[in-house]
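K.L.:
Next up is a structure, given as structure tokens.
No lab work stands behind these numbers, since they all come straight from the coordinates. Not measured: the values here are computed from a predicted model. When we count neighbours, we look across all protein chains shown, and the Cβ atoms used for this are built from the backbone with ideal geometry, even at glycine.
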Amino acid sequence: MSLNSHVEELKKKHQILSDKVETLQRAPGSSDTEIAALKKEKLRIKEEISKHTEAVS
């Protein structure tokens, strides 16, 4: 897998997590712990994307 395709895959995962977080935040009774875990994973992915894109520049 090339670096560009890996970054694109990470961006897709990040967007999916964003959508999940948004949905859970709107749902009554959703777990704050689950939302926090998803946000933490989103941040990890964002940092990985950033690391890879900086390496290319």
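K.L.:
Students often get this wrong: which residues of region 3-31 have the backbone nitrogen under 20 Å from the point 7 angstrom along Cα-to-C-beta of residue 52?
P.N.:
What the label zone holds, given the 20 Å backbone N cut-off, is 3-20.
K.L.:
Would you kindly give the portion of the calculated P(r) for the chain that falls above 19 Å, as a percent of all Cα pairs?
P.N.:
The proportion of pairs with Cα distances above 19 Å equals 36 percent.
K.L.:
Another question, then. Just to confirm the number: angle between the C-alpha axis of helix 3-26 and the first principal axis of the chain, 0 to 90 degrees, nearest 10?
P.N.:
10
K.L.:
If packing is taken as the average number of other Cβ atoms within 10 Å across a peptide's residues, how do 24-33, 2-11, 37-46 rank, most packed first?
P.N.:
Those peptides, ordered most packed to least, come out 37-46, 2-11, 24-33.
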